[in-house]
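Report on the following structure.
The values are calculated or read from the model by the stated rules, or taken from the named source; none is laboratory data. These numbers were taken from a predicted model, which means no experiment stands behind them. No Cβ is skipped: glycine too gets one built from the backbone with ideal geometry, and neighbour counts run over all protein chains shown.
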Amino acid sequence: MKEVRFGFIGSGKISHFSAESLLKHEHARLVATQDLNKARADELADKFDITHRYTESSELFARPDIDAVYIAVPNKFHAALAIDAMRAGKHVLLEKPFAMSAAEAEEVIRVSKETGRVFTVGMNQRFNEDSQKIKAIAKTGALGEIYYAKAYWFRREGIPKLGTWFGNKALAGAGAINDIGVHLLDLCLHAMDNFEPVSVFGTTYTKFGNRGLGEGGWGISDATESTFDVDDLASAMIKMRNGATVCLEVSWAAHIADANRMDVELFGTEMGASLYPAKLYKRSDPHNADYQVIENVAAKPALEHCDRFHNFVNHLLHDEPLLVTAQEALVVQKILDAVAESTRTGKSVDL
Ligand SMILES: NC(=O)c1ccc[n+]([C@@H]2O[C@H](COP(=O)([O-])OP(=O)(O)OC[C@H]3O[C@@H](n4cnc5c(N)ncnc54)[C@H](O)[C@@H]3O)[C@@H](O)[C@H]2O)c1
């Protein structure tokens, strides 16, 4: 293969950003767009000068000149479309969250193995330059033992367009935790290099969207739903096999000081780190009173391109290791499932 030829399944809001990102790679082509809503497939295709546009995913999958697909549709359709695509011979880059449940995710992984197609989940926050720098430092062991971590993303009024699939549990699976919580949870485990959770205690709340409050406006789907039955705030404590604890907090809407506050904070025995932006915290020697906060972190990003599409294309063309493995994405999905179960039962869930 000299270039990777893509089809896009779903031509909603994120697909416009993704097409831009994909086409920065000199060996990537966008051949066809698809969306159940024809006007959206056309809009995306017109913007990037693409001839072929479809409403049926099966028609796009049937094109022999397409090597890979990027899937960005409501979460309910993630697993089924990924499976159809791989059975049609396409490699898959799937948007987050992986699926509606770990059982669905496991089936996707099984089909990826059966068909020999490459599969990954597009956890783009792992690819930020600052995340990559801290990851590179953490990998050297310089932080010591990372025994505690906080991952949080609080939005004051950030619910995607009210009345769309984002607020409907049957289509989205969950709300803020599936939309933005999943990013920082995944990034936190990646930075810690620890994908071995053993138990989860979590709670979710629906306090704003159900009252028609807290909208931020993301998404270009039409508002057709009256339901809002997903979380707009979630929190979880995740205990890891090695004794470390991860505290995850996320809101789409809440009465809070900042419009948007997000970070991953790593507590290491030798150094602390935070990722938005990259910072390190340490004492140059144990008896020195001057505490150091290093703001200009000099590390080289582990992947210089800092781009999920570049990583996927480079993997297909040159075997660059995939940054996000299906197994890691499955672990994240298991934690999301456990938060939902813990919310239902009021008890901690063993994994
Ligand atoms: N990585 C990120 O940072 C990021 C950001 C936003 C959204 N996303 C993910 O991308 C996906 C899409 O989100 P969005 O913001 O573009 O939503 P959106 O509402 O703007 O667009 C969704 C599009 O999917 C189309 N659609 C619905 N069902 C379909 C189906 N079965 N087949 C084909 N098309 C279908 C709709 O017509 C719509 O055009 C979601 O899974 C979301 O979680 C990821």
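Hey, any hits in segment 51-69 for a residue that's in contact (Cβ under 8 Å) with a residue 60 or more places away in the chain, assigned to a helix (DSSP H, G or I) and not assigned by TED's automatic domain parsing to the domain that holds Asn168? So far as segment 51-69 goes, no, none of its residues is in contact (Cβ under 8 Å) with a residue 60 or more places away in the chain, assigned to a helix (DSSP H, G or I) and not assigned by TED's automatic domain parsing to the domain that holds Asn168. Listed conditions (1) touching a residue at least 40 places away in the same chain (Cβ under 8 Å); (2) more than 9 Å from the ligand (Cβ to nearest atom); (3) over 19 Å from Ala105 (Cα atoms); (4) buried (at least 20 other Cβ atoms within 10 Å of the Cβ) are all met by Gly10, apart from (2).
In the set (1) surrounded by fewer than 11 Cβ atoms within 10 Å (Cβ to Cβ); (2) farther than 19 Å from Val121 by Cα, the condition left unmet by Leu351 is number (1). A count restricted to segment 55-107 and to residues that are among the hydroxyl-bearing types (Ser, Thr, Tyr) and surrounded by fewer than 23 Cβ atoms within 10 Å (Cβ to Cβ) stands at 3. Of the residues in segment 128-144, none is within 21 Å of Asp231 (Cβ to Cβ), in contact with a Gly (Cβ under 8 Å, 6 or more places away or on another chain) and not aliphatic (A, V, I, L, M). From the list Phe166, Phe201, Phe208, Phe195, the one residue that fits, being aromatic (Phe, Trp, Tyr), more than 12 Å from the ligand (Cβ to nearest atom), buried (at least 20 other Cβ atoms within 10 Å of the Cβ) and touching a residue at least 24 places away in the same chain (Cβ under 8 Å), is Phe208. Checking every residue in segment 94-102 against the condition of being over 19 Å from Trp165 (Cα atoms) and within 14 Å of the ligand (Cβ to nearest atom) gives zero matches. Residues of segment 321-351 that are touching a residue at least 12 places away in the same chain (Cβ under 8 Å), outside any helix (DSSP H, G or I) and under 30 Å from Gln132 (Cα atoms): Leu322, Leu323, Val324, Thr325, Leu351.
The set of residues in segment 226-274 being among the hydroxyl-bearing types (Ser, Thr, Tyr) and farther than 16 Å from His183 by Cα consists of Ser226, Thr227, Thr245, Thr269.
From the list Ala273, Ala329, the one residue that fits, being crowded, with 19+ Cβ neighbours inside 10 Å and touching a Phe, Trp or Tyr at 6+ places or on another chain (Cβ under 6 Å), is Ala329.
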